[in-house]
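First comes the structure, then the notes that go with it.
The values are calculated or read from the model by the stated rules, or taken from the named source; none is laboratory data. Note that the coordinates shown come from a computational prediction; the quantities given were computed from them, not determined experimentally. Every residue, glycine among them, receives a Cβ derived from its backbone with ideal geometry; neighbour counts consider all protein chains shown.
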Amino acid sequence: MEFIKKTEAIQWKNGEYKTITENCVEDKYTYLFIDYLPPRKFSTYPKDLKDFAVGYCLGEGLIKDYNDIESIKLEGNNVLIKTKHRHDPQEDFDQDEIMQKRKGNCEHACVCKLLEYQGVNSDSGGGIRSQAETLTPISSDFKINATQVIKDLNHLTDEAKIWQKTGGVHVAQLKFEKNIIIREDVSRHVAVDKVIGAAAINDYDFSKSYISYSGRMPADMIIKVIRVGIPIIISNAAPASSGIEVAEKGNITMIGFVRNNRFTVYTSPERIELEK
């Protein structure tokens, strides 16, 4: 099922205008109910929600692998997840208090933590960069050829079916050996969570996988990819300085501005075979 609506619009071109019918993506709110934690709210393209839930739990460090999940139940656009860890709110407050004490900012810990549950836990929402201190740098010696970077972004565009119809979603692609997973969503975070989750369900080796996607690369995006152990991330867009900082700490290869047969490698270039 495709969540696409048709809408009337006015198109202006070269001084002339006309009424046209456009496709637009239908976005819905999705809530993740994980153990006893407060629900987490996301705006999503409501498809492949199981993949999203698994990828989100992995990227947030709530589980170590797919086997940590005891059950996943879909109720409309909402997802109920039970893990063997039985997470409760006190764990989050305890961890946040520890990190805030290190920064001498403990009095704001509870307020910041409560705000996180209103949406995606992002760098702009506050505090995600501090979590880089808990990351294990990637040690994978996995490599890809420079020409493959271009091919993968072209493939990403070719297979982005919802984007082609609406222009209203991001697309992510995870490649492991000859296997390719592609997912789309209105959120670049959710699109990446979806491919990570689908790969985990299929037991792919993250240390020999890599992600290509559409969207910027700030710290909050890079940190989740490092956490699951994926050594390379590729985008047609730009990195943020926070993303480069975290990528260096996590020893992940970050590639941006993949356009017109060129790209820029920002960190850990040894994983890219640059010579023809």
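Among the conditions (1) closer than 16 Å to L156 by Cβ; (2) of a type in the set (G, A, S); (3) not in a loop (DSSP other than H, G, I, E, B), the only one that S242 does not satisfy is (1).
Being crowded, with 24+ Cβ neighbours inside 10 Å and not in a strand (DSSP E or B), is that true of even one residue in the stretch 256-267? No, because not a single residue in the stretch 256-267 is crowded, with 24+ Cβ neighbours inside 10 Å and not in a strand (DSSP E or B).
For N154, the criteria (1) without any contact (Cβ under 8 Å) to a residue 12 or more places away in the chain; (2) more than 20 Å from F263 (Cα to Cα) hold in every case but one, which is (2). Taking first residues from the stretch 133-150 that are in contact (Cβ under 8 Å) with a residue 12 or more places away in the chain and partners that are aliphatic (A, V, I, L, M) and assigned to a loop (DSSP other than H, G, I, E, B), the Cβ contacts under 9 Å between residues at least 6 apart in sequence or on separate chains come to P137/I252; I138/I230; I138/I252; S140/I230; N145/L274; A146/L274. Is it true that A247 is buried (at least 24 other Cβ atoms within 10 Å of the Cβ), outside the structural domain of Y45 (by TED's automatic domain parsing), in contact with a His (Cβ under 6 Å, 6 or more places away or on another chain) and not in a strand (DSSP E or B)? Here the answer is no, as A247 does not meet what is asked. Restricting the stretch 231-251 to residues that are of a type in the set (A, V, I, L, M) and touching a Lys or Arg at 6+ places or on another chain (Cβ under 9 Å), the residue that is farthest from V171 (Cα to Cα) is V246. If you filter the stretch 1-35 down to residues that are among the aliphatic types (A, V, I, L, M) and under 20 Å from the mean Cα position of the chain (by Cα), you find that the one that is nearest to H170 (Cα to Cα) is V25. From the list A191, A200, the one residue that fits, being among the hydrophobic types (A, V, I, L, M, F, W, C), part of a helix (DSSP H, G or I) and out of contact with any strand residue (DSSP E or B) (no Cβ under 7 Å at 6 or more places or on another chain), is A200.
Taking the stretch 210-237 as the range and being within 21 Å of D158 (Cα to Cα) and either outside any strand (DSSP E or B) or touching a Leu at 6+ places or on another chain (Cβ under 6 Å) (or both) as the test, the residues that pass are I211, S212, S214, G215, R216, N236, A237.
For first residues located in the stretch 255-266 and at positive phi and in the same structural domain as M221 (by TED's automatic domain parsing), partners that are surrounded by 12 or more Cβ atoms within 10 Å (Cβ to Cβ) and assigned to a strand (DSSP E or B) and lie 6+ apart or on another chain with Cβ distances below 7 Å form the pairs F257/F263; F257/T264. With surrounded by fewer than 23 Cβ atoms within 10 Å (Cβ to Cβ) and either closer than 29 Å to C24 by Cα or modelled with pLDDT under 95 (or both) as the only criterion, which of R183, R188 stands out? The match here is R188.
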